[in-house]
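K.L.:
Take a look at this one; I'll ask things after.
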Amino acid sequence: MGERNKYSIIVPTYNERLNIALLVYLVFKHLRDVDFEIIIVDDGSPDGTQEVVKQLQQVYGEDRILLRARPKKLGLGTAYCHGLKHASGNFVVIMDADLSHHPKYLPSFIKKQMETDASIVTGTRYVKGGGVHGWTLMRKLTSRGANVLAQTLLWPGVSDLTGSFRLYRKSVLEDIISSCFSKGYVFQMEMIVRASRKGYHIEEVPITFVDRVYGSSKLGGSEIVEYLKGLAYLLVTT
Amino acid sequence: MKHIVKIMTLLVAISAFWIGLLKTSVVPHSHTWLRIKLNCYVAIFFPATYLPYCIVRMLRSVNGWSRSDALSNLSSRGIAVAAGCIGESTYEYGKRREADVIEAKEFLKPRGVGVGSD
């Protein structure tokens, strides 16, 4: 599987010292017969994330794990752009470092792409076999409601807009990323909506989104406001 | 663009319907308070009708995601089922992930890599 293709896995990090080694271990465990590299874009984490990555480079090799650090937090979108510059694969996977995206799904992404020749394969919580784990009922309702609202306004043709576990053909990601302007949660949504509008072939695979192993994630009023502003922006501009 | 046209058409149709009702003189201009109340009802009408739509949409099948999946996804007991771990309880799911962490630690710690809370 994936003998002729090379996959560059871009992982933006900030204070992920506790998770990054687990993630790298699990990626290597689940992608045994695949040519891949992991590009870690660290935004100057003060917790020693980069030291752990350097230790991992000693174990797995600097050609398999690339540390492409930046001096400070510069945003998710630019982190992908930065990682993309150093990607040598013809496919790019983007995923979170906090293990909310389990590497065990990577083979199914690759398989789906090979079966369908899709330009994008996106992980979704909202198809059979997908779901979330470790969320409160309120958070599930908020997430599902936000997704329904976005589906109503944007008609994107994919079931999970805010997920960020995706596989892109490199040329497609380069094209889409150059036309996106949003930040934060909305950035992921803008990427998939613009890809849909541009007519790229998008496929979905079910994933289970799991709350992070170490650390905490937040969803507050300001995130919801930003989300609504992003929705309005996408409604007008796409 | 197609979806914008559709949404705008819908909003225009609803607005036209409401303006039409106001212009029919069913309510005399002298009944100011009644008119204000009716406008307040309209302001409530849109969210009140959208909410049931959202609920139906949330429970509607999306790409094969069935109504029962939606319900199990929202219930606490069905989390593991919705999470793709059919027949596996939340406790077992947590244990499985814990096993991943232990396995990674056993492999990486002897090789000098800082893992987890170590």
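K.L.:
Does A:ARG194 qualify as being charged (D, E, K, R), within 11 Å of chain B (Cβ to nearest Cβ) and either outside any helix (DSSP H, G or I) or crowded, with 17+ Cβ neighbours inside 10 Å (or both)?
P.N.:
no
K.L.:
Under 9 Å between Cβ atoms, at least 6 apart or on separate chains: pull out the pairs that start in region B:104-115 with a residue that is without any contact (Cβ under 8 Å) to a residue 40 or more places away in the chain and end on any residue that is in a loop (DSSP other than H, G, I, E, B) and surrounded by fewer than 17 Cβ atoms within 10 Å (Cβ to Cβ).
P.N.:
Every condition considered, the pairs that remain are B:LYS105/B:ASP118; B:LYS109/B:ASP118; B:GLY114/A:GLY48.
K.L.:
Next up: Within the group A:LEU23, A:LEU31, A:LEU56, which residue is within 14 Å of chain B (Cβ to nearest Cβ), under 19 Å from the mean Cα position of the chain (by Cα) and open to solvent by less than 50 Å² (accessible area, probe 1.4 Å)?
P.N.:
Going through A:LEU23, A:LEU31, A:LEU56 in turn, the sole match is A:LEU23.
K.L.:
Go through region A:123-137 residue by residue and tally those that are more than 7 Å from every other protein chain (Cβ to nearest Cβ), farther than 12 Å from A:GLY163 by Cβ and not hydroxyl-bearing (Ser, Thr, Tyr).
P.N.:
2
K.L.:
What's the total number of residues in region A:33-89 that are in contact with a Pro (Cβ under 9 Å, 6 or more places away or on another chain) and aliphatic (A, V, I, L, M)?
P.N.:
Result for region A:33-89: 5.
K.L.:
Taking region A:189-209 as the region of interest, how many residues are of a type in the set (S, T, N, Q) and touching a residue at least 60 places away in the same chain (Cβ under 8 Å)?
P.N.:
Within region A:189-209, residues that are of a type in the set (S, T, N, Q) and touching a residue at least 60 places away in the same chain (Cβ under 8 Å) number 1.
K.L.:
Additional query: Considering only residues that are under 17 Å from A:SER159 (Cβ atoms) and of a type outside the set (A, V, I, L, M, F, W, C), look in region A:91-112 and name the one that is surrounded by the most Cβ atoms within 10 Å (Cβ to Cβ).
P.N.:
The selected residue is A:HIS101.
K.L.:
Please work out if A:ASP43 is within 18 Å of A:ARG17 (Cα to Cα) and either of a type in the set (Gly, Ala, Ser) or away from every other protein chain (no Cβ under 13 Å) (or both).
P.N.:
So A:ASP43 passes the test.
Residues checked against (1) aromatic (Phe, Trp, Tyr); (2) surrounded by fewer than 22 Cβ atoms within 10 Å (Cβ to Cβ):
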site: A:HIS82; (1), (2): no, yes
site: A:GLY89; (1), (2): no, yes
site: A:MET114; (1), (2): no, yes
site: A:SER143; (1), (2): no, yes
site: A:TRP155; (1), (2): yes, yes
site: A:TYR168; (1), (2): yes, no
site: A:LEU173; (1), (2): no, no
site: A:VAL186; (1), (2): no, no
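K.L.:
While we're here: I'd like to know if region A:209-218 contains one or more residues that are basic (Lys, Arg), surrounded by fewer than 16 Cβ atoms within 10 Å (Cβ to Cβ) and at pLDDT 85 or above.
P.N.:
No, because not a single residue in region A:209-218 is basic (Lys, Arg), surrounded by fewer than 16 Cβ atoms within 10 Å (Cβ to Cβ) and at pLDDT 85 or above.
K.L.:
Specify the residue that is farthest from A:ILE10 (Cα to Cα); the eligible residues are those in region A:152-174 that are more than 7 Å from chain B (Cβ to nearest Cβ) and polar (S, T, N, Q).
P.N.:
Among those that are more than 7 Å from chain B (Cβ to nearest Cβ) and polar (S, T, N, Q), it is A:THR152.
K.L.:
Another question, if that's okay. Please go through region A:1-11 and give me each residue that is open to solvent by 10 Å² or more (accessible area, probe 1.4 Å) and either at pLDDT below 90 or touching a Leu at 6+ places or on another chain (Cβ under 6 Å) (or both), ordered by number.
P.N.:
Across region A:1-11, the qualifying residues are A:MET1, A:GLU3, A:ARG4.
K.L.:
If you don't mind, another one. Exactly one of (1) farther than 20 Å from A:LEU228 by Cα; (2) in a loop (DSSP other than H, G, I, E, B); (3) under 14 Å from the mean Cα position of the chain (by Cα) is unmet by A:GLY199. Its number?
P.N.:
Unmet for A:GLY199, out of (1) farther than 20 Å from A:LEU228 by Cα; (2) in a loop (DSSP other than H, G, I, E, B); (3) under 14 Å from the mean Cα position of the chain (by Cα): (3).
The values are calculated or read from the model by the stated rules, or taken from the named source; none is laboratory data. These figures come from a predicted structure and were not determined experimentally. A quick note on method: Cβ atoms are made from the backbone with ideal geometry, for glycine too, and the neighbour counts reach across all protein chains shown. Heads up: the accessible areas ignore ligands, DNA and RNA and are worked out on the full protein's heavy atoms, side chains in. Shrake-Rupley method; radii C 1.70, N 1.55, O 1.52, S 1.80 Å.
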